1. Going by the alpha-carbon gyration tensor, a ≥ b ≥ c the square roots of its eigenvalues, is the stretch 183-256 rounded (a/c under 1.5) or, if a/c is not under 1.5, prolate (a/b greater than b/c) versus oblate?
2. By its C-alpha gyration tensor, with a ≥ b ≥ c as the square roots of the eigenvalues, how is the stretch 22-102 shaped: rounded for a/c under 1.5, else prolate for a/b larger than b/c, else oblate?
3. If we count every other residue with Cβ under 11 angstrom of Arg88's Cβ, Lys/Arg +1 and Asp/Glu -1, where does the sum land?
4. Quick one: order Thr198, Thr14 from most to least accessible surface, probe 1.4 Å.
5. Enumerate the lysines that Lys56 could reach by cross-link, defined here as Cα to Cα under 27 Å, with residues fewer than 8 away along the same chain left out.
6. Taking the Cα centre of the chain as origin, work out the dipole magnitude from +1 charges on Lys and Arg Cβ and -1 charges on Asp and Glu Cβ, in debye rounded to 20.
7. Quick check: pseudo-label points 7 Å beyond the Cα along Cα→Cβ at Met137 and Thr161, how many nm apart are they?
8. How high is the FRET efficiency between Tyr153 and Lys221 when r is their beta carbon distance and R₀ equals 25 Å, given to the nearest 0.05?
Amino acid sequence: MLDVERRGPVAIVTLNRPEAMNALSKALRKALHDAMVELDKDPDVSVVILTGAGEKAFTAGLDLKELGGDPAAMGAANDQDARSNPVRAVERCRKPVIGAINGVAITGGFELALACDVLIASETARFADTHARVGIMPGWGLSQKLSRLIGLYRAKELSLTGNFLDACTAAEWGLVNRVVPAADLLATALKLAEDMATIPVETLSFYKGLIDDGYARSFRKGLEIEHERSSKHNREVTPEKVEARRRQVMDRGRAQ
């Protein structure tokens, strides 16, 4: 149902229900929460990659068959508890999460993709917000995140039609970082994760939080958050540490 593989400082989390397009059943959502909590606490893990099993789907979102058979299950669409809400489970991870989007990311699956910090898409990836067509409203943040990421008009086009967005157009619109052949998806995500993992995990977590917390506020408030946190952090940085890191940066720059 959920696979976790460690490759040095990188953890690969795979939604493994390909026969159901990796639909987010109650059990899978709980498993994802537990895995993210464990990886967040693990000092040996610096970066997480989230992907889906198979080539058809990253995830099709909530398991509609499960919802149709249990009237109480519909509450999952608005539940803010991270044990039931996979978006919250991913967002609470302080470490970078790279989404390797291997197929369709539909409705709740689209929302889960947007919870990641970076998105690498396979050429076969497609995104769709079918909330309106299913007759429910998003409760995991899609109605607010999407317009902030790709603009108001484009977000309305996607959400008010339910049409699919192909990977290349998603890249043009700034929704994904890059598009690669399906065979190269995991390798590309791993290379990016390994690059990130060369930075101390404490620094990665601090900077991720600085970006996210500022982005969620006004620009002016974001600048205040940056000033407050960076001032406190930078007072603890010694000239010796800066010089050692400077040499590392220069060496890496020559090699790139």
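1. Numbers: a/c = 2.72, a/b = 1.24, b/c = 2.19.
Here the stretch 183-256 falls in the oblate category.
2. Numbers: a/c = 2.69, a/b = 1.49, b/c = 1.81.
Oblate.
3. On the way: positive: Arg29, Arg83, Arg92; negative: Asp79, Asp81, Glu91, Glu111.
Summing Lys and Arg as +1 and Asp and Glu as -1 gives -1.
4. Values: Thr198 100, Thr14 25 Å².
The most accessible residue leads, giving Thr198, Thr14.
5. Lys26, Lys30, Lys65, Lys145, Lys156, Lys191
6. The calculation lands at about 560 debye.
7. 2.4
8. On the way: r = 26 Å, r/R0 = 1.04.
Efficiency for this residue pair is about 0.45.
The values are calculated or read from the model by the stated rules, or taken from the named source; none is laboratory data. For clarity, every value in this text was computed on a predicted model and none was experimentally measured. Don't worry about glycine lacking a Cβ; one is built from the backbone with ideal geometry, like all the others, and counts go over all protein chains shown. The protein model used for the area step is the full one, side chains on, heavy atoms only, and it has no ligands, DNA or RNA in it. Shrake-Rupley method; radii C 1.70, N 1.55, O 1.52, S 1.80 Å.
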